[in-house]
Amino acid sequence: MNILVCISHVPDTTSKINFVENDTQFDTNGVQFVINPNDEFGLTRAIWFKEKQGAQVHVIHVGTAPADPTLRKCLAIGADKAFRIDTPAIDGMAVAKELAAFVAENPYDLIIAGRESIDYNGAMVPGMLAALLDIAFVPNCVGLEVDGNNAVAEREIDGGREKLKGSLPMVIGGQKGLVEESDLKIPNMRGIMQARQKPFEVLSPKGSENTTKDVLFEKPAPKAAVKLVPADDIDQLIELLHKEANVI
Amino acid sequence: MSILLFAESENNKLKRNAAEIASYGAALAGELNKDCVAVSFNADNAQELGQFGVSKVFNVTNVPQQFDAHVYASVLTHYINSLGATHIILGSSADAKFLAPLVAANTDAAYAPNVVALPHEQQPLTVRRTAFTNKAFANTTLTAEVNIIGVGNNAFGTVEQAVDCVVENGTVEHAASHLKQLSISKETGKATIADADVVVSGGRGLKGPEHWHLVEDLAEVLDAATACSKPVSDMGWRSHDEHVGQTGKPVSTNLYIAIGISGAIQHLAGVNASKVKVVINNDPEAPFFKAADYGIVGDAFEVVPVLTEKLKAFKAQS
Ligand SMILES: Cc1cc2nc3c(=O)[nH]c(=O)nc-3n(C[C@H](O)[C@H](O)[C@H](O)COP(=O)(O)OP(=O)(O)OC[C@H]3O[C@@H](n4cnc5c(N)ncnc54)[C@H](O)[C@@H]3O)c2cc1C
Ligand SMILES: Nc1ncnc2c1ncn2[C@@H]1O[C@H](COP(=O)(O)O)[C@@H](O)[C@H]1O
C-alpha cells in the first residue's frame, strides 16, 4: 500500500498571533512552527501501516522552504520520502489542485490529511482533493482499518460516530482518535540521522490560481473585564444572565 | 441569478441551524437584490424556511435519508449550475463542513469557512471569518464565479421575515454513493455541542468522573450539551466526543459555562467564539477569568449545586 500524508506547517498551539505590514501578513517572528497536530495523528497511523502492513509512506507539503524542517521531521518520524511543491499556500482550493495534479501523476492507495489546519481552520483541502480526484472522503476520521482494497473508517459526527466502508483509493481527514496521543511518534536520534539520507524532492507548481485571499487580519477587540459575582450570591448571576446577557 | 442556501434536515425535519442559514441567505439576497433559494433533502417542513425570507425551496426526495456527502454535493452542484447561483450559503455543522469543500471542487468555487457576518464588500466579495483558531479575524476576498460562504454557528442569528414560500418537491439525477454506512452511534434526545445553545463544560478541577453529575445536572436544567477539557477526555473521565478546544470540537454557542477549567490558550482558542462565557473556578488567578464575561471565584462543589437549584426555580417560574 502506498500512502501519501499531506502535511500542513502551522504555528505551535501556544503561539501569540500578531500581524505585520499593516496587518496583511502573519508575523512569523519568534513563532515556532510545527507539524499540524491533526496531521501528526495521520502520520503516526501511516507509520503504523508501514510497520504492520508494509506500506510505503510519502509526505507532501505545498508551500515554501521554511517548511523544510517540518518535512525533515516527518522523515525522522519514519516517512520514506518527502515532497514539497514550491509555491506559497494562499488558498485551499489552489493547494488542493496542486495536490490533485501530483496524485494524478503519482497514484496512491490512501491519502491521509488532517481534519483541519489549526492556522487556516478551513477543513477544506482534503475534501477538495478527494472531489477533484473523484474518490471517497472521510473527514473527522477517528479510526481507520485497511484490508486489501477495502477500508473501514469511523468519523465523528455531531453527537456521535458513524462507521463507513469504502474501497481504496480514499482520502481521510484525520484527528485525535486515529491513534492515541500517547502513541504519537516522536523522532529519535537514529530517525534524525536516517532522515538525512532519505529522498526529498522540491517540485515546481502547476500554477493553480488563487480565488481566495486573506487581505487583512484583525485581532479581537480587547475584552471588557470579567464581572465577578460573589459565590454566595448566585441570584445575581442568574439575574445578569437573564437581563443583561439575555442568554437564559 | 440567485443565492442558494443549503437547509439541513434530520429525520425529515429541518435542523435548528437551517433558520440561521436561511436568515443569512435572505439578508444577503436583500442586499444584492437577488432571489433567495434553498435546497433541502427529505424535509417535510421545508415551507417553514419562508418565515426567514426564503421564497423558493427545492426539496429533493430521491436521496438517502441518511446524510451522504458525495450524493448531496452532486445535487447541490446540479442546482448551482442550473440556477446560475453565484453565492452559496452553508452552515458549520459537521455535515455542512463535509459538503462545502466537495461542492467547491465540483463547481470550481472559492470557499471561505467560519464567516461571522454578511460580506462587508461586494466588489470584490469580502467576508470576515475567524482564523488562527479564534485568535484573530481575517478579511478574505472570494473572486471565483461561484463563491461559497460557510457561516459560523450562531454567528449571524435568526431574523424572522416572513415571505411567500414555494416548495417544489422533486427528484434529481445524482452521483452514486462512494461509501457505505456500516453503523451509526448517536445519543438521541441529548443536545449536541454543535447544535446546543448552551454548553456546560467541566475540567480537571472536578477531580474525577464521579463528580460529573454536577455538570450533567446543570446542563439538564439549561437544555445544554456537556463538554470537557482535553485532559479530562485524555484521562478517560469523559468520552473523547466531549473534548473541546483547539484540538477538539469547536464551540460557538450563546452561553458557555466552564467549571474547574483553567483557561489554557488551547482551550480558549476553541471556545472563544461563544457569545457569553461564565467561569467557575476557585483560583482567582485562573487565566480563564481574563476571557470570561461573568465569573464566580469559588469551589465548584459548593457553587454548582446551588446554581443548578436556583436555575431550576428560575426556569419553573419563567
Ligand atoms: C498541542 C496541544 C493541544 C491542546 N489542545 C487542547 C484542547 O483542544 N482543549 C483543551 O481543553 N486543552 C488543550 N490542551 C491542553 C491545555 O494546554 C491545558 O492543559 C488544558 O486545557 C487544561 O485543562 P483543565 O483546565 O481542565 O485543567 P487544569 O489546567 O489542571 O485546570 C484545572 C482548574 O480547575 C480549578 N479548580 C480546582 N479545584 C477546583 C474546585 N474545587 N472548584 C473550582 N475550580 C477548581 C483550578 O484552579 C484550575 O484552574 C492542549 C495542549 C497542547 C500542548
Ligand atoms: N499547504 C498544504 N500542503 C499540504 N497539505 C495541506 C496544506 N494545507 C492543508 N493541507 C492538508 O489539509 C488538511 C486540512 O487543512 P485545511 O483545509 O487548511 O484546514 C491539513 O491537516 C493537511 O493535511
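The values are calculated or read from the model by the stated rules, or taken from the named source; none is laboratory data. Nothing here was measured: the structure is a model prediction, and the numbers come from that model. Don't worry about glycine lacking a Cβ; one is built from the backbone with ideal geometry, like all the others, and counts go over all protein chains shown. Quick note on the areas: whole protein, heavy atoms, side chains included, nothing else; ligands and nucleic acids left out. Shrake-Rupley method; radii C 1.70, N 1.55, O 1.52, S 1.80 Å.
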### Task
Report, to the nearest whole %, how much of the accessible area of segment A:118-219 belongs to carbon and sulfur atoms, 1.4 Å probe, protein only.
49
## Note on the structure
With +1 at each Lys and Arg Cβ and -1 at each Asp and Glu Cβ, the charge dipole magnitude of the protein assembly as shown around its Cα centre, to the nearest 20 debye, comes out at 1100
### Query
Using θ = phi - 60° and the Karplus form 6.51 cos²θ - 1.76 cosθ + 1.60, what ³J(HN,Hα) does each residue of segment A:157-169 get, whole Hz, x for Gly and Pro?
10, 4, x, x, 9, 10, 9, 10, 10, x, 10, 6, x
### Accessible surface, the protein assembly as shown, averaged per residue in Å² (probe 1.4 Å)
40
### Query
How far apart, in nm, are two points set 7 Å out from the Cα along the Cα-to-Cβ line at A:GLU239 and at A:LYS227?
1.0
### Task
Taking 30 Å² as the minimum loss, tell me which residues in segment B:242-271 lose that much accessible area going from the chain by itself to the full protein complex (1.4 Å probe).
B:GLN246, B:THR247, B:LYS249, B:LEU255, B:ILE265, B:GLN266
### Task
Please give the helix B:213-222 orientation as an angle from the longest Cα principal axis of chain B, in degrees from 0 to 90, rounded to the nearest 10.
50
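What order do you get for B:87-100, A:153-166, A:32-45 when each peptide is scored by the mean count of other beta carbon atoms within 10 Å, highest first? If you can, show how the numbers build up before the last one.
Numbers: B:87-100: 25.3, A:153-166: 20.1, A:32-45: 23.6.
So the order, starting with the most tightly packed, is B:87-100, A:32-45, A:153-166.
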#### Entry: Overall form of segment A:127-223 per C-alpha gyration tensor (a/c, 1.5; a/b vs b/c)
rounded
### Message
To test your reading of the geometry: what angle, between 0 and 90 degrees and rounded to tens, separates the Cα axis of helix A:92-105 from the longest principal axis of chain A?
### Response
20
### Task
Express in % the proportion of alpha carbon pairs of segment B:198-317 at distances exceeding 23 Å.
20
### Task
Apply the Karplus parameterisation 6.51 cos²θ - 1.76 cosθ + 1.60, with θ equal to phi minus 60°, to every residue of segment A:30-43 and state each ³J(HN,Hα) to the nearest whole Hz, in sequence, with x for glycine and proline.
x, 8, 8, 9, 9, 5, 3, x, 5, 6, 5, 5, x, 5
### Summary
Using a 1.4 Å probe on heavy atoms of the protein chains only, the accessible area for A:LYS50 in Å², nearest 10, reads 60
### Query
Considering only protein heavy atoms and a 1.4 Å probe, what is the carbon-and-sulfur percentage of the accessible area of segment B:198-317?
52
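How high is the relative contact order of chain A, in percent, counting Cα pairs under 8 Å that sit 6 or more residues apart?
Details: 472 pairs, mean separation 58.7, N = 248.
In percent, rounded to a whole number, it is 24.
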### Task
Return a whole-number percent for the relative contact order of segment B:2-170, with Cα pairs under 8 Å and 6 or more residues apart as the contact set.
28
### Task
Pop out a list of residues from segment B:118-144 that are at least 20 Å² less accessible with all the protein chains around than in their chain alone; 1.4 Å probe, no ligands or nucleic acids counted.
B:ARG128, B:ARG129, B:PHE132, B:THR133, B:LYS135, B:ALA136, B:PHE137, B:ALA138, B:ASN139, B:THR140, B:THR141, B:THR143
### Query
Long-range amide H contacts for A:VAL142: which residues qualify at under 5 Å (H placed 1.01 Å from N, peptide plane, sequence gap of 5 or more or a different chain)?
A:GLU154, A:ARG155, A:GLU156
### Query
Once phi is turned into θ = phi - 60°, what whole-Hz ³J(HN,Hα) does the Karplus curve with 6.51, -1.76 and 1.60 give for every residue of segment B:29-46, x standing for Gly and Pro?
4, x, 5, 9, 6, 10, 7, 10, 10, 10, 10, 10, 10, 6, 9, 5, 10, 3
### Query
Once a ≥ b ≥ c are taken as the square roots of the eigenvalues of the Cα gyration tensor of segment B:68-146, is the result rounded (a/c under 1.5), prolate (a/b larger than b/c) or oblate (a/b not larger than b/c)?
oblate
#### Entry: Between segment B:257-301 and segment B:165-236, the Cα center-to-center distance that results, in Å
21
### Summary
If amide H atoms are modeled at 1.01 Å from N in the peptide plane, then the residues at a separation of 5 or more from A:THR211, or on another chain, having amide H under 5 Å from its own are A:ALA94
## Note on the structure
So the B/A interface buries, both sides summed and with a 1.4 Å probe, an accessible area in Å² (nearest 100) of 6800
#### Entry: Relative contact order (%) - criterion: Cα under 8 Å, at least six apart; region: segment B:104-221
19
### Task
Please give the average number of partner chain Cβ atoms lying within 10 Å of the Cβ of each residue in B:194-205, rounded to a whole number.
1
#### Entry: Heavy-atom accessible surface of segment B:35-178: percent carbon and sulfur, 1.4 Å
47
### Summary
Accessible-area loss of at least 30 Å² (1.4 Å probe, chain alone to full protein assembly) applies in segment A:109-138 to A:ARG115, A:ILE118, A:ASP119, A:TYR120, A:ASN121, A:ALA123, A:MET124, A:MET128, A:ALA131, A:ASP134, A:ALA136, A:PHE137
### Summary
A student asked for the Cα radius of gyration and Dmax of chain A in angstrom ought to give 21.0, 68
### Task
Work out how much length A:GLN53 to A:LEU216 would gain on full extension: take 0.36 nm times their residue separation and subtract the Cα-Cα distance, in nm to one decimal.
54.0 nm
## Note on the structure
In cubic angstrom per residue, the convex hull of chain B built on its Cα atoms measures 140
